[in-house]
Structure formats: structure tokens, C-alpha cells
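**Q** Starting off with a structure, shown below.
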Amino acid sequence: MANNKELSEQEVVRRRSMEALRERGIDPFPAAEYEVTGHTVEIKENFSDDARPPRQVRVAGRVMSRRIMGKASFMELQDADGRIQVYVSRDELCPGEDKDMYNVVFKKLLDIGDFIGVEGFVFRTQTGEISIHAQQITFLGKSLRPLPIVKMKDGKAYDAFTDPEMRYRRRYVDLVVNKGVKDIFVKRTRMFNSMREYFNSHGYLEVDTPVLQSIPGGAAARPFVTHHNALDIPLYLRIANELYLKRLIVGGFDGVYEFSRNFRNEGMDRTHNPEFTCMEIYVPYKDYNWMMRFTERMLEKIATDVNGTTKVKVGDNEIDFAAPYPRVTMTQAILDATGFDITGKSEEELRDFCKNQGIEVDASMGKGKLIDEIFGEKCEGSFIQPTFITDYPIEMSPLTKRHRDNAELTERFELMVNGKELANAYSELNDPIDQYERFVEQMRLADKGDDEAMIIDADFIRALEYGMPPTSGMGIGMDRLAMLLTGQSTIQEVLLFPQMRPEVRAKKEDSDEAESED
């Protein structure tokens, strides 16, 4: 606990109030149950001026403002749903001669941010505001730090809690004082529920797969490494759950999915966090054409469930998730954007094209990564409305079945929305010999310095050797989908607790930067 030398004047006052409450027999942090019978928004929506007798309610929440007017006072109480005004009459709250509870506790020891319970009846004030007439107030929790509530003076706002770094570090404060933040996360949960309902209605099974893995497989990404003391072996935090879910298809499940917390030891920006949520689903006896239809119908449903419409505003763009979505091959997308046909091009030709176009590449990149860089630099950002980019070159897709009409391509699509990849899907490679050869090629890339190349997973090859039916799989970035459905431009806005530098280190680096500027 901080000592008084580290406390602000307001924090000192609040601690004194806490002790004064205890001296009067009021526990500032009571453990007793408080039964709530109504919530702010619902109370307002269901209010009737003609109700006789007026509705009795018990509400609980934070005190967000307070006005003392002699024998009467007004408070604004905030619960999980919203805010409502509370009217307090001194003589009704304390009908006897002893007014200590009102004068001392309410006027002097109750602070903005404190939790209270209010019991009373609902009425409309002379100014027309639906309010609660308090008949009993119960103290439920002391706030020892002042909330940064906006105050207006001479037309200027003070104490606004708007700095992004502070908001993400202290999300608990952000949720209390900034209107609309909580709604983002309510919509996020609604999004998960809608997707889960869609899968369950098709009879698919939700499962769990390991987060700690002996081989980081299923994606091209740099893993986090840890150590298991009892087994004395290195383990990796999951970068993807794909290979485990396909093992379950081998085992005979008729469709499985998982909402997976994945971890990738890579950079952070407005669309990447090292810890993120991905959903992956695998359905036997299907291909990527079926999965495109399945995905667009799913997203149409989710958008409607979350926002009541298929359309959503993201920045200057209005995006419509109504199915169907256009299909464009990767080869055609690059040709349209650059005039360059990647068909049959060697690694050297692709590297030369990248250099001529000012696309940054290095010697560790094989054909797959070079093509990926071309698409990322020249094409990706132009696809604003949902669009399936299909038929990726085989070098880009080590886990994907070869295209049935062109052995140089694979049956893969990525769904692009608002200039970014949202979903990735395949007709899954179920030929164990071909899969092993693809893994060997990945190891060759690793030897060249590609630290995102896949490692050979011998047990996964063994699983395929037992036989896996034709299968389609799809992964979708849940954080990016949440960004789209809530109209946010940064991933940090849709993560309750995004990854941040340690606060002490962040302050030191900021101080060092300031000194260097001097």
C-alpha cells in the first residue's frame, strides 16, 4: 500500500473518509449481499407516469456526480447498463432528530466513484427526468482514487481520459468513464455467441487443443519458447491449432471448431497483438468452394446479429457483409494491380521484380514469401468490400491440397476485408507423402534463414498415414472481425487488456526520449 508521501491530496482525503466511516460503524468494504431488482436502462424504458403505486426498486452502482441543495440532494448513479438520477431528501432519509447519517456520511464522506445501493421508488422530476426517490442508502464500496471525470470550464474540457496508452493500461478506468467503450466488448461477446450458434446449428463440435506444444505447427510464425521443468524439454506457446484439429478429423469427428488463444513472437502494430484469438473449423467431405459459401453466410448472420444490419462503417468506408462475395484468383489480382504475371516465374525473376518495384525482400525468402510480399504491397489494401482471393501458388501454402486443375496452385482462399486478411481457408492436404515433402521444403527455407518456416511434425504425418477424408478448414481472426463489426481502426480497442510495455520501463524510455530531444 502506498504511503502518504506518495498519495495525492484527494487520495489522502479519501483514506480519511474511509477511516471516518469505520468510526461510525460503517464498513467501507462490506461483504454482505445486496439484492438488485432493477437496472438503470430497464427502469427508464419501463417507467410509466400512471403506475400506482410507483414502482419500488433496488439498484446498485457508482456515484458519478452529486449536487447538494440544502435539505435535498441529487446524485447520478452508474451501473453496468447506464446512469440514472437519484433524489435524496434529508428528512425522508433521516426522519428523526438525528441527521448525522445525511449530514456527515452523505455530504462529507461519500465520494465520486464510491459504490452504493439505493432503495426507493421511481418517479419523474419537475424537469421531466426519470429518477429514483431514495428511501434507503447502503454503502457498498469505497473508491480510494478519484476518477478522471471530465469537467468543463470556460468551454474547455479538463481531466478527459483520452490518452490511448493510459486507456489501454487502465482499462478498468476507461470502461467506467468513457462512454461507448463497454459497448465494444458487449458486441465482441455477441459476435462470439453468434458464430458459435452458427456452427452448433450445423452439428459441429467445439473442442480444446493444447496451448503448450512440443512443435509449433500450423502456421508460418515465430513462436514464444518456454521450458517444462519436470520433463526438462522446451515447449512452445501455440501459434495455431490447425494440426491438432485435423488429427480429430482423422479420429472420426464430423466437424470440429475451436476458439483458440494463439501467441506469435512478432511485432505489434494497429492490427497485430502477440496474443490473439483465432477461430478454426474443419469439416470432412467438403472443399474450399463449399467453405467460401459457408463463410459468407456465416459473416452475413454475425453482422446482422451484432449490429442489426449487414452494413458497418469503418473509417471512411461502409462495408457490406451481405453474401455473396466476389472471387478473384491471386494471379489475377497481382496481374490487375501490376501487369506482372507470376505464372511460372522463378525465384530469381520474382526477386528481381520485387527489387524493381521497391518491395523490400531478402535472401531468406523463397517463391512463396516473395509472392506474398508482392500481393501485400500491391494488392491487399485495394480490397475494401469482402472479397475471396483464391488459388494461391503452391509455394505459399504448405498445408493445402494441390489445385485439381493446376498442380502449380493450391485450393486456398483468403478473405480480404477493408484492405486486410480476415480469414484463411483450404481444401486440406490429406496426402501424407505430399505433406512430408512440403515440410522438407519448409526446412530448406529454415536453413536459408527463414525463422517462420514450419518444422516437420512427424506425428501429424503419421496421423495422415492412417487416412484423413477430404476436408475443408477455415481460420478467422476474431480480433480483426471485432474491429470491423465495431468500426475500430486499431486492434487495441477491441482487446480488453492489450500487450503493453511494463509501465516502469515505458516511463523510463519516455524520459530518455525527452532528454535526447533536449
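The values are calculated or read from the model by the stated rules, or taken from the named source; none is laboratory data. Source: prediction; values computed, not measured. Cβ coordinates were reconstructed from backbone atoms using ideal geometry, including for glycine residues, and neighbour counts include every protein chain displayed. What goes into the accessible areas is simple: the full protein's heavy atoms, side chains included, and nothing from ligands, DNA or RNA. Shrake-Rupley method; radii C 1.70, N 1.55, O 1.52, S 1.80 Å.
**Q** If you take every residue apart from E437 with its C-beta less than 12 Å away from the C-beta of E437, what net charge results, scoring Lys and Arg +1 and Asp and Glu -1? Could you put the intermediate results ahead of the total?
**A** Numbers: positive: R402, R438, R444; negative: D431, D434, E441.
Here the count lands on 0.
**Q** If you take every DSSP beta bridge fully contained in the chain, what fraction is antiparallel? Give it as a percent rounded to 5.
**A** 90 percent
**Q** Follow-up. Report, in degrees rounded to the nearest 10, the 0 to 90 angle that the Cα long axis of helix 347-356 makes with the longest principal axis of the chain.
**A** 50 degrees
**Q** Can you pull the percent of the chain's accessible area that's carbon plus sulfur, 1.4 Å probe, other chains left in place?
**A** Reported share for carbon and sulfur atoms: 49 percent.
**Q** May I ask for the distance between the Cα centers of the stretch 293-315 and the stretch 179-253, given as a whole number of Å?
**A** Answer, in whole Å: 23.
**Q** Once you have the alpha carbon radius of gyration of the chain, what is it after dividing by 2.2 N^0.38 Å, with N set to its residue count? Before the final figure, lay out each step's value.
**A** On the way: Rg = 29.3 Å, N = 518, 2.2 N^0.38 = 23.7 Å.
Ratio of Cα Rg to 2.2 N^0.38 Å: 1.24.
**Q** Then there is this: Can you tell me the relative contact order of the chain? Whole percent, Cα pairs under 8 Å, sequence separation 6 or more.
**A** About 12 percent, as a whole number.
**Q** Using DSSP to call loops (not H, G, I, E or B), can you name the GluC sites (Glu not before Pro) in the stretch 294-395 whose Cβ has at most 14 other Cβ atoms within 10 angstrom?
**A** Here the GluC sites (Glu not before Pro) that fit, given the DSSP loop and packing criteria, are E360.
**Q** Remind me, relative contact order of the stretch 42-100 in percent, using alpha carbon pairs under 8 angstrom and six or more residues apart?
**A** Relative contact order, the stretch 42-100: 21 percent.
**Q** Now, a different point. Tilt of helix 367-378 relative to the longest C-alpha principal axis of the chain, in degrees (0 to 90, nearest 10)?
**A** Long axis of 367-378 versus the principal axis of the chain: about 50 degrees.
**Q** Explain nothing, just the number: dipole magnitude of the chain about its Cα centre with +1 on each Lys and Arg Cβ and -1 on each Asp and Glu Cβ, in debye rounded to the nearest 20.
**A** That gives a dipole near 2200 debye.
**Q** Any chance you could give the angle, 0 to 90 degrees and rounded to 10, that helix 181-201 forms with the longest Cα principal axis of the chain?
**A** Between the helix axis and the principal axis of the chain, the angle is about 50 degrees.
**Q** As an exercise, find the ratio Rg/Rh for the stretch 326-388 from alpha-carbon atoms, using the Kirkwood inverse-distance average for Rh.
**A** Ratio of gyration radius to Kirkwood radius for the stretch 326-388: 0.96.
**Q** In Å², what does the accessible area per residue of the stretch 177-329 work out to with a 1.4 Å probe? Write out the running numbers ahead of the final one.
**A** Details: 7150 Å² over 153 residues.
For the stretch 177-329, the solvent-accessible area averages 47 Å² per residue.
**Q** When only alpha-carbon atoms are used, what values of Rg and Dmax, in angstrom, describe the stretch 243-301?
**A** 14.4, 40
**Q** Can you work out the Karplus-derived ³J(HN,Hα) for every residue in the stretch 383-393? Use 6.51 cos²θ - 1.76 cosθ + 1.60 with θ = phi - 60°, whole Hz, and x for glycine or proline.
**A** Those phi angles translate into 8, 8, 6, x, 9, 8, 8, 10, 6, 6, x Hz.
**Q** Taking 25 Å as R0, compute the FRET efficiency from the Cβ-Cβ separation of E35 and E197 and round it to 0.05.
**A** Numbers: r = 32 Å, r/R0 = 1.27.
Efficiency, rounded to the nearest 0.05: 0.20.
**Q** When the helices in the chain are scored as -39500 (n - 2.57) per DSSP H run of 4 or longer and the sum is shared across all residues, what 222 nm value do you end up with, to the nearest 500 deg cm²/dmol?
**A** It comes out at -10000 deg cm²/dmol, rounded to the nearest 500.
**Q** Highest mean first, how do 400-407, 120-127 rank when packing is the count of other Cβ atoms within 10 Å averaged over residues?
**A** With the highest mean Cβ count within 10 Å placed first, the list reads 400-407, 120-127.
**Q** Another question, then. Grab the Cα-Cα distance for Q56 and R170, subtract it from 0.36 nm times how many residues apart they are, and report the gain in nm with one decimal.
**A** On the way: separation 114, 0.36 × 114 = 41.04 nm, distance 3.59 nm.
Taking 0.36 nm per residue and subtracting the Cα distance, the gain is 37.5 nm.
**Q** If you don't mind, there's one more thing I want to ask. Take every Cα pair under 8 Å in the stretch 408-491 that's 6+ residues apart, average their separations, divide by the length, and report that relative contact order as a whole percent. Walk me through the numbers before you get to the answer.
**A** Working: 82 pairs, mean separation 26.8, N = 84.
Relative contact order, the stretch 408-491: 32 percent.
**Q** Moving on to the next point. Grab the other residues whose beta carbon is less than 13 angstrom from that of F123, score K and R as +1, D and E as -1, and report the net.
**A** That works out to 0.
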